[in-house]
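Structure, as structure tokens:
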Amino acid sequence: MSGSVLYDVPGPRAVIRNRIIGIVTILVVLLFLGWVLWRFYDTGQLSPEKWELFSYSAIWMLFLEATWNTLTAFAVAAVGAIILGFVLALGRMSDHAWLRVPIGWIVEILRAIPVLVFMMLLYYGLPVIDIKMTPYWAVVIALIAYNGSVLAEVIRAGVESLPRGQSEAGYAIGLRKAGVMRLVLLPQAIRAMLPVIISQLVVTLKDTALGFIITYHELLYLVKLLGSQALYNSPLIPSAIIGGSIYVALCLALSYVAYLVEKRTRRSPKVTAVAAANQPVGSGTDTELIVAQRLLDESDSRTGGGA
């Protein structure tokens, strides 16, 4: 397809205008970054005294340990969120109201509670009723509950966005609903929603930083701890730069995994066959196909009315 339903292909003037806007935006961003670096230099944040703390190997071992704590919490939370998301999604698509309605309320409630509030309730609230929880499990459970509810809606939307003929074809060959869901709908929905699912996992990785509020020893906790060392001139900005760089590297690595998965999915023969089966026959832009389909429908209605 050479066009899109949302917009037409830009003309020569629009292309020039878009390039000018892009160049101006890049220059503004570069000027802003240059101003920030100059302010860091002017206020002494880049002075050797501020960075002396990071010349010790023990400090880098602390960063390695904090990164490991971040990744372990993320790994368990990601697996748990995916499992919970599938369970809740299947419950929301159930034909039984006694199951669908309560799970729908559970999903909405879990999505409405902020992750930080959930962590604080688990860590500071449960001891009131004599239930103690370590910071690690408070972080993991809160991340599983919130991101699992979000993934449930993603999976449900992916299944419901499939053409109706997919499920009808499954029923036509004698499959029950469980078989249609497992063999026909879910594989296609997962492939279609995989980039969104991995993007949500990137959010999960970044949300582990909220654990420093409940004293979980992850990257942000270490950044705050090192930045408050008055003996080394309180290097908060240098600590934040190093910790932020590690977060960026982790998120970029996970985003690259999402890109590779999406690229491999597009090349999959099964996905290509499904896309070809669902693609309307004909050539031209999406807009032209829609107009042609409307004209065909109007012609059919007039023919049927005159018959």
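The values are calculated or read from the model by the stated rules, or taken from the named source; none is laboratory data. Being a predicted model, the structure only gives us computed values, none of them experimental. Here the Cβ is made from the backbone with ideal geometry for all residues, glycine too, and neighbour counts use every protein chain on show.
Going through (1) in contact with a helix residue (DSSP H, G or I) (Cβ under 6 Å, 6 or more places away or on another chain); (2) farther than 18 Å from residue 260 by Cα; (3) without any contact (Cβ under 8 Å) to a residue 40 or more places away in the chain one by one, residue 193 falls short only on (2).
Of the residues 260, 250, 220, the single one that is under 20 Å from the mean Cα position of the chain (by Cα), free of Cβ contacts under 8 Å to residues at least 60 places away in the same chain and closer than 30 Å to residue 193 by Cβ is 260.
Whether a residue is over 21 Å from the mean Cα position of the chain (by Cα) and surrounded by fewer than 18 Cβ atoms within 10 Å (Cβ to Cβ) was assessed, and residue 121 passes this test. Scoring residue 150 on the criteria (1) closer than 13 Å to residue 77 by Cβ; (2) over 20 Å from the mean Cα position of the chain (by Cα) leaves a single failure, condition (2). Each residue in segment 109-140 was checked for being out of contact with any helix residue (DSSP H, G or I) (no Cβ under 6 Å at 6 or more places or on another chain) and in a helix (DSSP H, G or I), and 13 pass.
Residue-wise test of (1) touching a residue at least 40 places away in the same chain (Cβ under 8 Å); (2) touching a helix residue (DSSP H, G or I) at 6+ places or on another chain (Cβ under 9 Å); (3) not assigned by TED's automatic domain parsing to the domain that holds residue 190.
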{"site": "13", "(1), (2), (3)": "no, no, yes"}
{"site": "24", "(1), (2), (3)": "no, no, yes"}
{"site": "34", "(1), (2), (3)": "no, no, yes"}
{"site": "37", "(1), (2), (3)": "no, no, yes"}
{"site": "50", "(1), (2), (3)": "yes, yes, no"}
{"site": "68", "(1), (2), (3)": "no, no, no"}
{"site": "88", "(1), (2), (3)": "yes, yes, no"}
{"site": "93", "(1), (2), (3)": "yes, yes, no"}
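Please verify whether residue 79 is more than 30 Å from residue 234 (Cβ to Cβ), touching a residue at least 40 places away in the same chain (Cβ under 8 Å) and either surrounded by 11 or more Cβ atoms within 10 Å (Cβ to Cβ) or within 29 Å of the chain's Cα centre (by Cα) (or both), treating the condition exactly as stated. No, not satisfied. When 226, 231, 295, 260 are checked against the criterion of being in contact with a helix residue (DSSP H, G or I) (Cβ under 7 Å, 6 or more places away or on another chain), at pLDDT 55 or above and farther than 20 Å from residue 163 by Cβ, a single residue qualifies: 226. Looking at 107, 115, just one residue is under 30 Å from residue 149 (Cα atoms) and out of contact with any Phe, Trp or Tyr (no Cβ under 9 Å at 6 or more places or on another chain), and that residue is 107.
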